[in-house]
Amino acid sequence: MFDSPGVRRVILVVLDGLRPDAIEKFNLVHLARLMEAGASTRDGLTVSPPITTAALASLFTGVSPSTHGITRDRFVLNGGDPSTISLASLLSFAGQPTSAFLAEMPAVLKPLIGRIKRRLGFGVLRPTGRTAEEILENAKPTLHDQRRGLIVLHWPDADRAGHRFGWMSEPYGAAARRMDETLGRLAEFCAIPHDASTLLVLLADHGGGGVREKDHSQEHPVNRRIFVAMCGGGVAPTQLRDVTMLDLAPTILWVLGHEPPPMYEGRVLDEAFPLGETFSRPALETPAVA
């Protein structure tokens, strides 16, 4: 396994509910360009069940829903394997900053923000804005100032349009294009893919419309198939194969300088990085679980 040279920061963008086939159908030029410039697949798989809560929990913990315990469309603060350690907690324990910017939550959920933040282990977790554009604007000071560690952006536009109007409908396409335009502004703001110290990771958490036009919770290939892309940060143009949602946490951890813990169920996508000079990477001590 080879180390990626010089990567100090990972920006992870979750384009909620964006189907891989929407990239071509709605001419998402910025996403297509970044995928072509980096390592990508349009045939990745999310977890089962293919719902946002389960997928994001797996993305941030490196384990399947049967292990972290979130299998319904709501965030469970207690349950699952108590030995599970989140990606953000591991990075924070190693002294690396972690920030997440999500869509605004209903007022009834706002008192839970602090508990969700502690459960996921982020140093900063901020529900801010209703659209990708608003979330990006609110995250720009952190994107400018935080030059190492992990920054997560979650964009809800396509998922909301899919639930309201149906996946692959024209309003869904309009939402997808707005996200794509915002992605172009993010890439320009962060000099992606030219900034070798920053790795941009893009993915959807699930598809949609496989069984029901306005839903994605059923077991169906269209609901589970996702795109995954990595660009910048020394990534070589590569067609990724056999990628699952569970591969992202160990890959991000490894890119930022640490061996993933044995509990992580996915693999490091090291084929995305060119072989070359290796660097000493310390094993990351796992914090004790209370």
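The values are calculated or read from the model by the stated rules, or taken from the named source; none is laboratory data. What you see is a predicted model, and the numbers here were worked out from it, not measured in a lab. Glycine gets a Cβ as well: all are built from the backbone with ideal geometry, and neighbour counts include every protein chain shown.
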Test set (1) modelled with pLDDT of 90 or more; (2) β-branched (Val, Ile, Thr); (3) in contact with a helix residue (DSSP H, G or I) (Cβ under 6 Å, 6 or more places away or on another chain) - residue 51 fails condition number:
(3)
Name every residue in the stretch 221-250 that is touching a residue at least 60 places away in the same chain (Cβ under 8 Å) and part of a loop (DSSP other than H, G, I, E, B), in order of residue number.
233, 234, 235, 236, 237, 240, 241, 243
Which one is farthest from residue 32 (Cα to Cα) among residues in the stretch 183-213 that are part of a helix (DSSP H, G or I) and within 16 Å of the chain's Cα centre (by Cα)?
186
For residue 267, are the conditions met, namely being part of a loop (DSSP other than H, G, I, E, B) and touching a strand residue (DSSP E or B) at 6+ places or on another chain (Cβ under 7 Å)?
no
Inspect all residues belonging to the stretch 114-130 and state whether any of them is aliphatic (A, V, I, L, M), closer than 24 Å to residue 68 by Cα and modelled with pLDDT of 90 or more.
yes
Pairing a residue in the stretch 1-19 that is buried (at least 22 other Cβ atoms within 10 Å of the Cβ) with any residue that is polar (S, T, N, Q) and modelled with pLDDT of 95 or more, where Cβ atoms lie under 8 Å and the two sit 6 or more apart in sequence or on different chains, gives 7/198; 9/146; 9/198; 10/198; 11/198
Of the residues 66, 99, 89, 83, which is on the phi < 0 side of the Ramachandran plot and modelled with pLDDT of 95 or more?
99
On the basis of being farther than 15 Å from residue 60 by Cβ, modelled with pLDDT of 95 or more, in contact with a Leu (Cβ under 6 Å, 6 or more places away or on another chain) and buried (at least 17 other Cβ atoms within 10 Å of the Cβ), does residue 182 make the cut?
yes
Here are the criteria: (1) surrounded by fewer than 19 Cβ atoms within 10 Å (Cβ to Cβ); (2) free of Cβ contacts under 8 Å to residues at least 24 places away in the same chain. Tell me which single one residue 175 does not satisfy.
(1)
Would you call residue 143 touching a strand residue (DSSP E or B) at 6+ places or on another chain (Cβ under 7 Å) and either buried (at least 24 other Cβ atoms within 10 Å of the Cβ) or free of Cβ contacts under 8 Å to residues at least 12 places away in the same chain (or both)?
no
Among the numbered criteria (1) farther than 26 Å from residue 104 by Cβ; (2) touching a residue at least 24 places away in the same chain (Cβ under 8 Å); (3) surrounded by fewer than 23 Cβ atoms within 10 Å (Cβ to Cβ), which single criterion is violated by residue 253?
(3)
Residues located in the stretch 125-142, provided they are touching a Phe, Trp or Tyr at 6+ places or on another chain (Cβ under 6 Å) and either closer than 23 Å to residue 172 by Cβ or hydrophobic (A, V, I, L, M, F, W, C) (or both)
132, 135, 139
Looking at this structure, is residue 176 in contact with a strand residue (DSSP E or B) (Cβ under 7 Å, 6 or more places away or on another chain) and small (Gly, Ala, Ser)?
no
